[in-house]
There are 2 protein chains.
Amino acid sequence: MPVYIPHHQYRRRRPISLIALRDFVVGTSDGLTVPFALAAGLSGAVQSNSIIIVAGLAEIVAGTIAMGLGGFLAGQTPVEHYWGEQRRGEVGVEKIPQEAMVEIKNLLESYGISPKARRAVAHDLAKNPKKWVDFMMRFELGLEKPDPRQAFFSGFRIGLSYAIGGLVPLSAYFFSKTPLGGLLYSSLITVTCLLVFGYYKARFTGQEPVKGALTVTGIGILAAGAAYALARLITL
Amino acid sequence: MPVYIPHHQYRRRRPISLIALRDFVVGTSDGLTVPFALAAGLSGAVQSNSIIIVAGLAEIVAGTIAMGLGGFLAGQTPVEHYWGEQRRGEVGVEKIPQEAMVEIKNLLESYGISPKARRAVAHDLAKNPKKWVDFMMRFELGLEKPDPRQAFFSGFRIGLSYAIGGLVPLSAYFFSKTPLGGLLYSSLITVTCLLVFGYYKARFTGQEPVKGALTVTGIGILAAGAAYALARLITL
């Protein structure tokens, strides 16, 4: 039975959407988890909500700046790596073209390309050193020309998602009188958010939704439990 | 004048080292920065070092768990993405080989490969559907077979570097009597570490070392300053 495949399904997306997703996943899950766990830990050690709120807000501000700017800088590394390899490729093609040509042929051979076709490709590339370097960059090193703006947007997404995620668990301490009351409401709100966030995250990335929801929630509970246990242990 | 290029210099590294580097950079810079900023913020709001130490340790434990496990999960996404594309490629090559062949030819054309060589390559690939899919995965999508263990090591590196980085700024509060004394020593130790870490990080990634050192240190000071200002503002 023949199967009809819509063209848009066959034409595959670029991993650029993966980078954005990864940023958002890392940002929001950290944003929900670390301030939740920090507040939970302090709930086991202090008598006043105001210290928890100060510590929580300080953590969110610091995390937003550090993760946003950190993500921005980390996103610049591939840009610099690309141009470094580009220069090296240009030098190689110009100074040791025989070696560079043997590399292309060996690579094509590993995909079952016949000697005749290998020679034809190498011959065509040799006529245009610029295209030759582009071909090596993509085919041999798997590198594509990165978009420098990508790093900026990546940092922005990470920072923003961290701040939004972080205010969720902390909000409970604004509306409760004691740290343990705050911890109760914070746990309820955060576990609900982690379940919902984990579910849709998994659906979006094509993983099993229920498993995804439970994994993300499990990490949050584990981090909060460990922080609470540690805080109790120290203050005993 | 001919230039001698050593072979190891011409043979370029795979971006896998970039992933490890990115993990380490993100982990350590966050590890130094966020606990430093959290402790700095609390120094402006509380009277006792013990609360700062409890909050700092709770943050480090939570951050290590959240970032380590978060990195592990984020590292699994490319593995699943790869196998999804692999299946789609196999279906495409089997069900709509004409379209798949046109894609290969168009791609080779964009690198200046002549019609004759394009046809020869497409002909050779068509003889071996497995190699054909591998060729498309690497050449068209820029995807290489990911190592599933990669995600585990990535998570481990992130978690460990976060914990090590976090204990540096906090250690000052163990050995000082007042929060402001702790803040002074913590700032001295952390700024020194950020300068050294930033310098070697930049050298390692081929960036300008002094600029790299100042950037990383600037982020740390900015995050700590913002957290301190916020804490003072709330507790006034």
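Laboratory data are not the source of any read-out in this text; all were calculated from the coordinates shown. Quantities reported herein were computed from a predicted structural model and do not represent experimental measurements. Quick reminder, even Gly has a Cβ in these numbers, built from the backbone with ideal geometry, and neighbours come from all protein chains shown.
Details
- Number of partner chain Cβ atoms within 10 Å, mean per residue of B:108-121: 6
- Shielding by partners for peptide A:97-106, expressed as the average number of C-beta atoms from other protein chains within 10 Å of each residue's C-beta, is 1.
- Stretch in chain A that is longest and holds no chymotrypsin sites (Phe, Trp or Tyr not before Pro) that DSSP places in a loop and that have at most 13 other beta carbons within 10 Å: A:5-174
- Charge sum, other residues only, whose C-beta stays under 10 Å from B:ALA213's C-beta, Lys/Arg counted +1 and Asp/Glu -1: +2
- For the range B:95-156, a crude dipole built from +1 on the beta carbon of Lys and Arg and -1 on the beta carbon of Asp and Glu, taken about the Cα centre, is about 260 debye to the nearest 20.
- The charge dipole of chain A, taken about the Cα centre with unit charges on the Cβ atoms of Lys, Arg (+1) and Asp, Glu (-1), comes to about 620 debye, rounded to the nearest 20.
- Label points for A:ARG119 are taken 7 Å from Cα along Cα→Cβ. From this copy to the others they lie 1.8 nm apart, shortest first.
- Taking the label point 7 Å along Cα→Cβ, A:PHE174 and its counterparts in the other copies are spaced 3.7 nm apart, in ascending order.
- Only one residue of B:VAL133, B:LEU230, B:TYR200 has its Cα farthest out toward the positive end of the dipole of chain B, where Lys and Arg carry +1 and Asp and Glu -1 on Cβ, and that residue is B:VAL133.
- Filtered trypsin sites (Lys or Arg not before Pro), the range A:130-178: DSSP coil and at most 16 other beta carbons within 10 Å: A:LYS177
- Over 27 Å [Cα-Cα, chain A], rounded percent: 55 percent
- Cα-centred dipole magnitude for the range B:97-236, charges only on beta-carbon of K, R (+1) and D, E (-1), debye, nearest 20: 200 debye
- Total lysine pairs under 19 Å (Cα atoms) in the range B:115-236, excluding pairs fewer than 8 apart on one chain: 4
- C-alpha center-to-center spacing [the range A:175-232, the range B:77-127] in angstrom: 44 Å
- Remark on the protein assembly as shown: Rg and Dmax equal 25.8, 80 Å (Cα only).
- Kyte-Doolittle mean at least 0.5 and Cα axial length at least 20 Å: DSSP H helices in chain B: B:16-43, B:148-174, B:179-204, B:209-235
- Per-residue average of Cβ from other chains inside 10 Å of A:143-152: 1
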